[in-house]
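Please treat every number below as a calculation from the coordinates, not as lab data. If you're wondering where the values come from, they're calculated on a predicted model, not measured in any experiment. Cβ atoms come from the backbone with ideal geometry, glycine included; neighbour counts cover every protein chain shown.
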Amino acid sequence: MEADKKITQTEKTQTTDCDLSEQIKAATKESHVRAENTQLMLAYQRGQVSLQQYKLLLCSLYKVYEALEEELDRNCSHEAVAPIYFPQELARLESLKKDLEHFYGQNWKEQLVVPAATLRYAQRLREIGRKHPEYLVAHAYTRYLGDLSGGQVLGRITQKSLGLKTGEGLAFFSFPGVSSPNLFKQLYRGRMNSIELTKEQREEVLQEATRAFELNIEVFDDLQNLLSISENNELRQRHKTPSQKIAEAKSAQTLVMPSTLASSSQLLRMLLGVCVALAVGMGVYAF
Ligand code: HEM
């Protein structure tokens, strides 16, 4: 049964300012703007996402969802996790595996490129899964509600900019178990609001949500740096003149020359020694 169908029958979906879903949205409003304005997300909004950008993003998303979904699974009966546990509707790991296989082939796992910020994000998820499962709601909200909101637009942009056929390498953006993202988001907010938290815990969850956005921003920035480095190297290589290439090849030879030079000078010295010895010998002989 699809979760968004259940909503019309049984669940409270009206929210108030004191609800967690409203507080979390307000608390992360500024971070959302900052996330939208990262170079990577701006490239998306301009419709200029490259294949390299998308492939690298998929690698990082894989690591993040692997940690997030393992921790949600492990804590699925925890009282602060159970209400927002929707593996059938939301889980992204299998979709990401499909997309990675599409772009990298069967041995995609060996080709994953993941910047340090992604590892830090995954590490944080595992840490809170162990120590504070109630914070997982902040991370699940940040990723899944984002995927069901702006993420849907990002999917269409990816398809258009990369000229992909429907569904080809785009499984990440597709939620077959959610027929109406808006209805589902309402259900999800209602479930978030049903979680019982002390005042202190609620404050910490709000802080964790800001941290979740921050971790995402750091991943986007790291990915962009990685891309700039590889693009710069590529550009430098592409824009070299033939004479620069010859000079580079020569300097590469020079690098191995010192040892050759050393051995030839030794040879010279030996030859000189033999000549001197011969000359002296001949001199002695002449006398
Ligand atoms: C190009 C970048 C992005 C665009 C254009 C975008 C756009 C949007 C839009 C239009 C909404 C719906 C707002 C509403 O219903 O009131 C939304 C919601 C949301 N976005 Fe984004 N977004 C972007 C990036 C991100 C990122 C990077 C994250 C987090 C990693 C994120 C997380 C969220 C969340 C959690 C919500 C749900 C807010 C709520 O209803 O409580 N978004 N986004």
At most 10 other Cβ within 10 Å, DSSP loop - GluC sites (Glu not before Pro), the stretch 52-86: none
At 7 Å along Cα-to-Cβ for each site, give me the label-to-label distance between residue 16 and residue 73 in nm. 3.9 nm
Apply the Karplus parameterisation 6.51 cos²θ - 1.76 cosθ + 1.60, with θ equal to phi minus 60°, to every residue of the stretch 33-46 and state each ³J(HN,Hα) to the nearest whole Hz, in sequence, with x for glycine and proline. 4, 5, 5, 4, 9, 6, 4, 5, 6, 5, 4, 4, 5, 7
Just to be sure I understand the model, the point goes 7 Å from the Cα along the line to the Cβ. What's the resulting residue 132 to residue 120 distance in nm? 1.7 nm
Mind listing which chymotrypsin sites (Phe, Trp or Tyr not before Pro) in the stretch 42-91 are in a DSSP loop and have 15 or fewer other Cβ atoms within 10 Å? none
Quick one: Debye curve from the alpha-carbon atoms of the stretch 38-157 only, equal weights, vacuum; give me log10 I(q)/I(0) at q = 0.19 Å⁻¹ to two decimals. -1.12
With each label point set 7 Å from Cα along the Cα-Cβ vector, what nm distance links residue 50 and residue 113? 1.0 nm
Please give the FRET efficiency for residue 179 paired with residue 228, using the beta carbon to beta carbon distance and R0 = 35 Å, rounded to the nearest 0.05. 0.30
Greater than 29 Å separation of Cα atoms is the criterion. Which listed pairs, 63/199; 97/160; 29/165; 29/109; 25/98; 25/165, meet it? 63/199; 29/165; 29/109; 25/98; 25/165
